[in-house]
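K.L.:
I'd like to ask you about the structure that follows.
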Amino acid sequence: MQAQNLADALVFQVTKKHLGDAEITVLRGAWDGKTYDAIAAECHLTLKYVGEVGGKLWNNLSEVLGEEVKKTNFRQALQREWYKQGKKSELTPDEQSGIVTPEHTPLPKTPESGELYIERPPIESRCYEEICKPGALLRVKAPLQFGKTELMSRVMHHAAEQGYRTIVLNLRDAIAEDFTNLDKFLQWFITSIAETLSLTQPVEEHWRKSLGNCKIKCRTYFEKYLLPGDTPVACALDEVDKLFVHGEIAGEFLGMLRTWHEDAKTKPLWRQLRLLVLHTEVYTQLNINQSPFNAGTEIKLTDFSAEQVQDLAIQYKLNWGNTQLEQLMAMVGGHPYLTATAIQVVARQDMTVQTMARLKKEGFACVASEMRELCLYEVTEDEFYGGFATNLVSEFNLDIDLEGWWYNYNLIHPVQRLTKFIEEILLEQITQNIVIFVDEIDSVLNLEFKDDFFAFVRACYNKRADKSKFNRLTFALLGVATPADLIADKEHTPFNIESQAIELTGFQLEEATPLSSGLVGITSNPDAVLASILGWTGGQPFLTQWVCSLYPPHHPLLPELRLTALQQSCDRVFSKIGWHKTNNNTYKPYAITS
């Protein structure tokens, strides 16, 4: 994602630090039109933390760019800077259009990227068709966390592909003052649109000089500055329910949207506007003849079917039978968010659980500690290391009053306390060989004291020289971050000692041979096509299978052109999920460091 690289370079000018995981998460989420709430929920972070990370990021960009940068306009600010640097040709088509969202083709993102999407035909194709109709009003109704925002991203991307100007507004971005009255709210509405599209006509000036009430001023701004021209405008409004507690504003604003939609039937200018409205409930206090909720086209999102849940499980490489599938369906009923979360947890734990089970059979004592649970926002060093020790006491059923013990040593640093706990308690009470699995190790990147944890691991290793019982202790660190990302202090890093790095490698040609059977009858040389696909994917198991499934059986292009078109499609997709292309055109998969 070139925009991310540009933002990283700009922020580095101010802070002398590259973007951290949290900042990248907020940047990508905001670029995709997601709310802070959605970003926080997806990444298991607090809303307060995400808001503070975003605020700091926008402030840094404001400082280096010399203009006010906010969540609502940062895309345009980055685009302008990119153009200044003469890099327009390097922008992807998506980034040139002003919004980057996932492909609207049935692309299941890799589990490593955390951005899987399950299509629910024919919903997606119907939405793509409707948003392209002149004067369209498309309403997506579903309960919370049913995938409305993800669907919106794909619909807006489809609109951008048609050359439309795209606007994504989330009513959560409006503050309490914006809901003071209708005039204030409409000024926020118009200002947000103007900033998103970088319109030059000042909203305040238009508001001051125009005649009529605020709804007329809103209409005339659209008619003068937004709608004229050959390019349609697709505007998405997320979380419209936030209006419902403001009855007067809701009635007037929603009635205005209905009027604009009706105007498109008789006024060519208003055919340029295509509206996408997302909501969970329907505002029932509005006159049926004024409500937009009985106009246009309504799309209702439903629970995942059993087949879709199975599809999601397969994408996470889970070989589930009917029993596991039925158990999950019984628990969550196909609720999209709960289903995805449950499968994600199972998939993440599957490899660790299997390894632990095998080690336990061989007489090892094993425990898994998930860093994400410990690395909460504003966690102190004492809380972090105390939490780590608490998990060990609980999992190994150690005989100790940890709270009292921890308090007795409060005069020494928490790292020293944890090391002392390992030596005097854990290694004394557990006489077997011990393996501590530390999952999602990259979560420590959000901690100010992240280097200290690795210094602790290194200290435990160094103690092997004079205290033999430490030879029974092994740490297994699992995550997607590289050692260089995890610790900068080479004096204390545990990654330059006699540790074992395990990289999950991709398919070799002989391992992937069974996939060529699916290409028989589609191409005259299945093995050659498979070899080409392996070259692009680096053999990454999930993406190799997915790319094989994309090879079109009935395509007007000649076979050799089909392969070229498929490679170009893969180039766009892989760049979006953050893979790096090497000099020999191979995309490198993520690694797990142990």
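K.L.:
Any idea which of ILE430, ILE441, ILE412 is surrounded by 17 or more Cβ atoms within 10 Å (Cβ to Cβ), assigned by TED's automatic domain parsing to the domain that holds LEU477 and over 24 Å from TYR49 (Cα atoms)?
P.N.:
ILE430
K.L.:
Among the helices (runs of 4 or more DSSP H) confined wholly to the stretch 137-225, which include 1 or more residues that are aromatic (Phe, Trp, Tyr) and either closer than 29 Å to LYS265 by Cβ or modelled with pLDDT under 95 (or both)?
P.N.:
182-197, 203-209, 214-221
K.L.:
Select from the stretch 9-40 the residues that are surrounded by fewer than 16 Cβ atoms within 10 Å (Cβ to Cβ) and part of a helix (DSSP H, G or I) and list them in ascending order.
P.N.:
ALA9, PHE12, GLN13, VAL14, THR15
K.L.:
Checking the structure you have, find out if any residue of the stretch 172-186 is surrounded by 22 or more Cβ atoms within 10 Å (Cβ to Cβ) and over 26 Å from the mean Cα position of the chain (by Cα).
P.N.:
Yes: the stretch 172-186 contains one or more residues that are surrounded by 22 or more Cβ atoms within 10 Å (Cβ to Cβ) and over 26 Å from the mean Cα position of the chain (by Cα).
K.L.:
Would you please list the contacts, defined by Cβ atoms under 9 Å and residues six or more apart or on different chains, that run from a residue in the stretch 425-448 that is under 16 Å from TYR461 (Cβ atoms) to a residue that is charged (D, E, K, R) and surrounded by fewer than 20 Cβ atoms within 10 Å (Cβ to Cβ)?
P.N.:
Cβ pairs passing all conditions: LEU427/LYS467; LEU427/LYS469; LEU427/ARG472; ASN433/GLU362; ASN433/ARG472; ILE434/ARG472; VAL438/GLU370.
K.L.:
Among the residues of the stretch 197-235, write down those that are within 21 Å of ILE131 (Cβ to Cβ), out of contact with any Gly (no Cβ under 7 Å at 6 or more places or on another chain) and in contact (Cβ under 8 Å) with a residue 12 or more places away in the chain.
P.N.:
LEU197, PHE222, LEU226, LEU227, PRO228, GLY229, PRO232, VAL233, ALA234, CYS235
K.L.:
If I filter the stretch 417-424 for residues that are aliphatic (A, V, I, L, M) and modelled with pLDDT under 90, do I get at least one hit?
P.N.:
no
K.L.:
Those residues that are in a loop (DSSP other than H, G, I, E, B) and either closer than 21 Å to LYS148 by Cβ or assigned by TED's automatic domain parsing to the domain that holds ALA38 (or both), I need them from the stretch 307-337; list them, please.
P.N.:
Within the stretch 307-337, GLY333, GLY334, HIS335 meet the criteria.
The values are calculated or read from the model by the stated rules, or taken from the named source; none is laboratory data. Model, not experiment: these values are computed from the prediction. As a convention, Cβ positions derive from the backbone with ideal geometry for all residues, glycine included, and neighbour counts pool all protein chains shown.
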